[in-house]
Every structure is written in C-alpha cells, then in structure tokens.
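Note sheet for the following structure.
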Amino acid sequence: MPGSFFLSNNKIVRSFSFKGANFKIISSAFNIIKDEIVAQRTLLSNYIIKHKEFVESLVPLKEIDADAPDIARRMHKASLLTGVGPMASVAGVTAQLAAEAAVAAGADEAVIENGGDIYIFSKNETKIALYARKTAIASNLAILIKPETTPISICSSSSKMGHSLSLGDCDLATITATDGALADSAATLAGNLVKEEKDIPAALEKVISIKGVQGVLIVKNDKIGIAGNFPEIVKNIDPMTKDKITKDKASLENL
C-alpha cells in the first residue's frame, strides 16, 4: 500500500497495470499515457537485461552507458544525488515521463499515480491523501496541490507498507520535487534514515539539503516532522479513503 494517493474530486479516474505496477490516471490523454508507460518500461527492461547491476545495486553506480535510455539516465542522476540505488526512483520517473508525453500532446491535465508515487500537471487544485496505516494522526491528513505549483512530483516511502525495500523503520516519508526520479529516490533515503522518533530531525535536515528537493514530511509513530516548502496540509474527510488506496504488487522480477 502506498503512502500517498489522490482524491479524485469527482473526476474520472482510469486504471492501468503493466509489469506488476498499477496506475491510476486522470487525463484526457489516457491512451497516450498508457502507451508511454509501456514504452518507457520496455526501454528500461531491455537496458536491465544487459546491465544487471542497475537493478541490483543499493548504492549509486559510478557511471552508466552513454547510450542508456533517458529513463535510466534520470534514475542514475537521482541516485547520485541521494546515495541510494537507481531502482529506488522507477515509479516516480515513470509517472513523470508519462505526464510529459500527455502534456506534449496537448493535454491540459495529467495526474498519474504509480503505486503511491504521483506526478501532477493540472490547472485545478488536486488533493492528495496521506496514509500511514495505523498511525492515526497522519492518516487523517491530506495535502493541497495548487495549480501554480505544478508540475510537481509527490512520492512516498514506508517500511510498513508496499513492496519496495526500506532499510529503516519509518511509517511514512513523503517528498515533493519537480523531478519525479529525485522525489522517489529521496523518499527512499528519508525512509532509510528513520528507525526511531529521534531520527526525524537529522533525516529532515539531510534530505532537504539535497538540491531539487522542495519539501519533506516524515512520520514515525505519532511524531511528524516537516521541512522545506511542503504543500499546504489539510484534513482528509473523505469517507472512502481506504477504498482508494492502491494495492501494488510489483516486484523487481516484473521489470
């Protein structure tokens, strides 16, 4: 289960799954987004076949091939900035590339959730719910994304939910940035850094110091820490919240 997901505000939400990853999409360019997801994940899969170290490494690679596809190069760049492995950013970068394809085709809105990692380009306000399982205080919160702050990526990591590897014991780490790969990678780093409540301040300081990270929110038990220019926090009053949580069963084997 992801740590963040959008509340549709009566907009049409369409779903799509590919290679074990589940997507929820708000856009008139649904088919373009779907095709771009397939194309980008196929490029990445073909690259990984020849470069196993890209998918296996938990730390940045010193370098990658000059002819690596754009998706791999974006992931590598984020990895170098955060110090975690390149695959930590796969969901965030996929959502961004798909949204960019929709906007390039003329769409005036593209909101894409990939297992809890979100990329938003919209002329309307979008409300994003936060979910930290049994942590009551965080699970009643949402963030309000205003159109003038988009495009923006909102990515979340948790050691308690989802399939992704976490080396910490963090209930929820949510990052905002314009770069989807960076937001996703930084969320993994933040989650890795927090094992106890006392770890929150140092984790906030480290992650917000990364160039390109806009805002950080970390939850451990009932303690919440926020740093940077994090979006406005509002109360989540949607009674259907739990029904909107994406169940994502993707694994590295599906790439």
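The values are calculated or read from the model by the stated rules, or taken from the named source; none is laboratory data. None of the values given here were measured: they were computed from a predicted structure. The protein model used for the area step is the full one, side chains on, heavy atoms only, and it has no ligands, DNA or RNA in it. Shrake-Rupley method; radii C 1.70, N 1.55, O 1.52, S 1.80 Å.
Residues whose amide H falls under 5 Å from that of Leu141, counting only those 5 or more places apart or on a different chain, are Leu130, Asn236, with hydrogens built in the peptide plane. To put it simply, the accessible area of the range 30-93 at a 1.4 Å probe is 55 percent carbon and sulfur. A full extension of the chain between Glu53 and Asn229 corresponds to an added length of 59.9 nm, given 0.36 nm per residue minus the alpha carbon distance. Cα gyration tensor of the range 34-159, axes a ≥ b ≥ c as square roots of the eigenvalues: rounded (a/c below 1.5), prolate (a/b > b/c) or oblate? Note, shape of the range 34-159 comes out oblate. Cross-link pairs exceeding 30 Å between alpha carbons, from the set Lys11/Lys223; Lys146/Lys223; Lys19/Lys77; Lys50/Lys127: Lys11/Lys223; Lys50/Lys127. How would you classify the range 58-109 from its alpha-carbon gyration tensor, with a ≥ b ≥ c the square roots of the eigenvalues: rounded for a/c under 1.5, else prolate if a/b is greater than b/c, otherwise oblate? It comes out prolate by the Cα gyration axes.
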